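Undergrad: Before I ask anything, let me first share the structure, which is written out below as structure tokens.
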Amino acid sequence: MATIVQEPLHAEKKAGLFVPDFVFVEPNALNYPLGRELYERFQAEGIPIQMTTSHNQVRGIPGETEVEKYRNAKRTLVIGVRKTLAFETSKPSAEYALPLATGCAAHCHYCYLNTNLGSKPYIRVYVNTDEILRQAEAYIVERPGEITRFEAACTSDPVSIEHITGSLKRAIEFMGTQEFGRLRFVTKFHHVDSLLDARHNKHTRFRFSMNADYVIKNFEPGTSTYEQRLEAAGKVAKAGYPLGFILAPLYWFEGWEAGYTDLLERLRSQLVPEALHDLTFELIQHRFTKIAKKLILQRYPKTKLEMVEEERKYKWGKYGRGKYVYPDVKAKALQAHLEKEIRRLFPDSKIEYFT
Ligand code: SF4
């Protein structure tokens, strides 16, 4: 059953929620209750709707230049049906990616979706949530007696579109009923209210992506502020969810040590006590590929993001596709500083990895 929050769109826009400028619908999506509800809703609100034969090939997003098309694509919602029910793997944080949606309306310069989504930067939501969750259950059953973890933020920021679909809440409640199933996701948004009363049964780890002020202000346009995310993290902890922070990308800037210490000290002083019981940190240093650099410079030509290959270490990856990370001296300094400060301020937390 579809569970859309029926606020008028102008109120949603005012609250900083994503409201599309253009909507495309796959005909088959209208055979699902959520597909129909969304279609009727956007039609009633007067948002231009076009049909598209496939959510993989959306034609007709306006724009004179590539950059204009890209920006408009990020204001476009595509309502489709997920046909491939084979899930991708999602190491190191989970066994599988849970495919509820792809794309995001925000403009983080270093977003992994810049390259992952290639020519499809639009926001695509799948309306066959029941089938997707049934498939997740099949994966859980395949590993009897073992915990199977699903990551719901591999291809989008699921909180940023939750007001449209309600699918994340359904996934949280579904996983709450699964003895061996666990859900995790990460967000840079603070719109968490509709998720606070979900019957999560502590089977979902709710993570926030945090960074030093300098990094959020310079590189994460369109996301919630540090303060908003912190307040949301407090609400989520009070609602009994296991909480986590992904500090990413850890970025080397003038004054980074003080910047990251300040971030962690403010987290410590402002976080509600409930949050400290079951808290995890994941640490990811900044990296880029040659393709990502090219796309970032095309799409955000004024970016201050430093991507000088000669100042980085090349790390070979799968299929010969490597990436540029910090040289060992810098990476180790970032890791040592962050780990020291986390242990000092959050002695009961768990650092899951540094990569
Ligand atoms: Fe990408 Fe996350 Fe930023 Fe959205 S909020 S643009 S998914 S990094």
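The values are calculated or read from the model by the stated rules, or taken from the named source; none is laboratory data. This one's a predicted model, so the numbers in the text were calculated from it and none came from an experiment. Don't worry about glycine lacking a Cβ; one is built from the backbone with ideal geometry, like all the others, and counts go over all protein chains shown. Ligands, DNA and RNA are stripped out before the accessible areas are found, and what is left, the full protein with its side chains, is counted by its heavy atoms. Shrake-Rupley method; radii C 1.70, N 1.55, O 1.52, S 1.80 Å.
Undergrad: Filter the GluC sites (Glu not before Pro) in the stretch 201-288 to those in DSSP coil with at most 14 other Cβ atoms within 10 Å of their Cβ, and list the result.
TA: Taking the stretch 201-288 and a limit of 14 other Cβ atoms within 10 Å, the loop GluC sites (Glu not before Pro) found are Glu254.
Undergrad: Using DSSP to call loops (not H, G, I, E or B), can you name the trypsin sites (Lys or Arg not before Pro) in the stretch 1-105 whose Cβ has at most 16 other Cβ atoms within 10 angstrom?
TA: Hits after loop and neighbour filter: Arg59, Arg75, Lys83.
Undergrad: In whole Hz, what ³J(HN,Hα) sequence does the stretch 82-94 give by Karplus (6.51, -1.76, 1.60; θ = phi - 60°), x for Gly and Pro?
TA: Per-residue couplings from phi come out as 7, 8, 6, 9, 7, 7, 6, 7, 8, 7, x, 8, 7 Hz.
Undergrad: With each run of n ≥ 4 DSSP H residues scored as -39500 (n - 2.57), what mean residue ellipticity at 222 nm is computed for the chain after dividing by its residue count and rounding to the nearest 500 deg cm²/dmol? Please report the intermediate quantities before stating the final value.
TA: Details: 12 runs with 120 residues, N = 355.
So the helix-based figure for the chain works out to -10000 deg cm²/dmol.
Undergrad: Something else about it: May I ask what percent, to the nearest 5, of DSSP beta bridges between residues of the stretch 210-355 are antiparallel?
TA: For the stretch 210-355, the DSSP antiparallel bridge percentage is about 25.
Undergrad: Are there any trypsin sites (Lys or Arg not before Pro) in the stretch 308-345 that are in a DSSP loop and have at most 15 other Cβ atoms within 10 Å? List them by number.
TA: Those that pass, being in a loop and sparsely packed, are Arg321.
Undergrad: How many angstrom lie between the Cα centre of the stretch 272-351 and the Cα centre of the stretch 35-56?
TA: 38
Undergrad: List the lysines whose Cα sits under 18 Å from the Cα of Lys238, skipping any in the same chain fewer than 8 residues away.
TA: The reachable lysines, counting only those whose Cα sits under 18 Å from Lys238, are Lys169, Lys202.
Undergrad: Just the accessible area per residue of the stretch 82-354, please: how many Å² with a 1.4 Å probe?
TA: So the stretch 82-354 comes to 44 Å² accessible per residue, rounded to a whole number.
Undergrad: Pop the C-beta distance of Phe253 and Ile284 into the FRET formula with R0 = 22 Å and round what comes out to the nearest 0.05.
TA: On the way: r = 16 Å, r/R0 = 0.72.
Efficiency, rounded to the nearest 0.05: 0.90.
Undergrad: Choose one of Leu297, Leu279, Val329: the residue whose Cα lies farthest towards the positive end of the charge dipole of the stretch 262-355 (beta-carbon charges +1 Lys, Arg; -1 Asp, Glu; about the Cα centre).
TA: Leu297
Undergrad: What residues have an amide H closer than 5 Å to that of Gln50, excluding those fewer than 5 places away on the same chain, when H is modeled at 1.01 Å from N in the peptide plane?
TA: The list, which skips near neighbours in sequence, is Val23, Phe24, Val25.
Undergrad: Output the antiparallel fraction of DSSP beta bridges having both residues in the chain, as a percent to the nearest 5.
TA: Beta bridges within the chain, antiparallel portion: roughly 15 percent.
Undergrad: In whole Hz and in residue order, list the ³J(HN,Hα) couplings for the stretch 276-281 that follow from phi through the Karplus curve 6.51 cos²θ - 1.76 cosθ + 1.60, θ = phi - 60°; x for Gly and Pro.
TA: So the Karplus estimates, Gly and Pro as x, are 7, 5, 9, 10, 10, 10 Hz.
Undergrad: Shifting gears a bit: How long are the three semi-axes of the equivalent ellipsoid of the chain, in whole Å, if each is the root of 5 times an eigenvalue of the C-alpha gyration tensor, listed from largest down?
TA: Details: eigenvalues 195, 129, 80 Å².
Values for the chain, descending: 31, 25, 20 Å.
Undergrad: Moving on. Expressed as a whole percentage, what fraction of the accessible surface of the chain belongs to carbon and sulfur atoms when a 1.4 Å probe is rolled over the protein heavy atoms?
TA: Roughly 52 percent of what the probe reaches on the chain is carbon or sulfur.
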